[in-house]
Every structure is written in structure tokens, then in C-alpha cells.
1. When only Cα pairs under 8 Å and 6 or more residues apart are kept, what is the percent relative contact order across the chain?
2. Enumerate the lysines that K98 could reach by cross-link, defined here as Cα to Cα under 17 Å, with residues fewer than 8 away along the same chain left out.
3. If contacts are Cα pairs under 8 angstrom and at least 6 residues apart, what is the relative contact order of segment 1-128 in percent?
4. Among T127, G151, N106, pick out the residue whose Cα is farthest towards the positive end of the charge dipole of segment 66-151, where Lys and Arg carry +1 and Asp and Glu carry -1 on C-beta, about the Cα centre.
5. Which of the following values of Cα extents along the principal axes in Å was calculated from the structure shown: [x] 44, 44, 28; [y] 73, 38, 31; [z] 56, 55, 29?
6. Helix-only mean residue ellipticity at 222 nm, the chain, DSSP H runs n ≥ 4 weighted -39,500 (n - 2.57), per residue, nearest 500. What is it?
7. In whole percent, what relative contact order does segment 18-81 give with Cα contacts below 8 Å and a gap of six or more residues?
8. Let's see if you can work this out: charge +1 on each Lys and Arg Cβ, -1 on each Asp and Glu Cβ, no other charges. What is the dipole magnitude of the chain about its Cα centre, in debye to the nearest 20?
Amino acid sequence: MGELVLTTYDWVPEMVRGFVRDLRVRWALEEAGLPYRVESTPFRDRGPEHFAHQPFGQVPWLTDGDISIFESGAILLHLGELSDKLMPPDPRVRAEVKEWLFAALNSVEMASLPWVMFNFMGYTGDTPVWKWIDDFTKLRLSRMEPVLAKGEWLAGSFSVADILMADVLRVVDRFDGLKDSPACRAYVERATARAAFRKAHADQMAHFAAADKTA
């Protein structure tokens, strides 16, 4: 393992602070106790160096020595392979962690992200498109309810799968989308009560607040 450097934006609007996806990486690094530092890339002026690391002009990306990784799921998987605290060594458990990590991205966030964006932009209402999006998200949540009701975490002990799934569901909860999903809501509350999450969240908020002072 080389020096771990997490890169995020230098500034973002207040409304998205606390939800930028570098938080997922900060959280994992704090859970594992891995040393790292944070660097910034301009939010308003995304230049060639940014696109060389992240071809979509987004954040975060992580460098591990001479390795550069983008996409939060890929970064979490990489960190899971560095720390047993994030992904236990038992092959069966590791497989379970990996399947739930991808489920968070492909089955849950795929449904919830349009729902969140429609809420964010105020496009909810009595329209066929909104009804379809709302129904699809509720269906995915209904599938998660029995899973999360039967155990504290997705794969026995807390893992990168829980970081990703809890963060996906946390954004839905921001718009009260878990009001009819008590197991999902309780899961998010358990996950975000962890000291590593609280530290990661506070650090992200402080990072962007510091940018306000220099603007």
C-alpha cells in the first residue's frame, strides 16, 4: 500500500454538503484506521488533470501510490481488500460483502437516484413519470426491508457494503423516503451513529466550510 490520497472538490453548494460521495471513502478510511490525506480539485474549473483521474469530471478519486481509482464503489472495494475491518478474510463472507456492495449500486441506487433527483428539483406530483419512479423506488425498498430486519449488518459484521448501502438509503431518507420502511430507516440510524461516520461527515462539512472563508 502506498500513500492514500483522497481527492474531492474544493467547494460545493451548501445544499449538497454532507452528501458528496467522497464521504463514503472518508468513512471507510476512518473505519479501517488507514492513514490518508485529502486534496482538492476545482469545482468550477475542471481541467485536464481532473479528467485524467475521473473521466466524467466527478469526485472522488483515490490514489494509492501510483494507482489512481475513481468511482466510489471501486474505491471501497479496493479499500476492503486492504483492511479486514472493511471486508473479512473468509471467502464466503467476502463474496457476500461484494454482492451487497454491487446491489447497493445496481439495484438500490439505480432506482433511488432518479427518485432523489426528482425530489431535489421539485418534480414530484401527479404525473405518470413520477408515479413510475416512486413505485420503482418503493419496490426496491420493500425488498430491502426483510433483509435489514433480520440482522444488524448485511454480511454479519460491518463492512464496505454497509457503508455504501447506508449512504444510498441516507439520501432517500433526506426526503423522508424511508417513512414506510422502518427496517431501512433503523439501519441508516445504526450506521450513521458510528464514530467513523460522524468523523467523516464532520470533516467533509469542515472542508467545504473552509472554502467559503477563502472565496
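The values are calculated or read from the model by the stated rules, or taken from the named source; none is laboratory data. Model, not experiment: these values are computed from the prediction. Positions of Cβ are generated from backbone atoms using ideal geometry, with glycine treated the same way; all protein chains shown enter the neighbour counts. The protein model used for the area step is the full one, side chains on, heavy atoms only, and it has no ligands, DNA or RNA in it. Shrake-Rupley method; radii C 1.70, N 1.55, O 1.52, S 1.80 Å.
1. 25 percent.
2. Answer for K98, where 17 Å is the Cα cut-off: K85, listed by chain and number.
3. RCO, segment 1-128: 26 percent.
4. So the residue furthest toward the plus end is G151.
5. Structure-derived value, by its label: [x].
6. -17500 deg cm²/dmol
7. It rounds to 35 percent for segment 18-81.
8. 440
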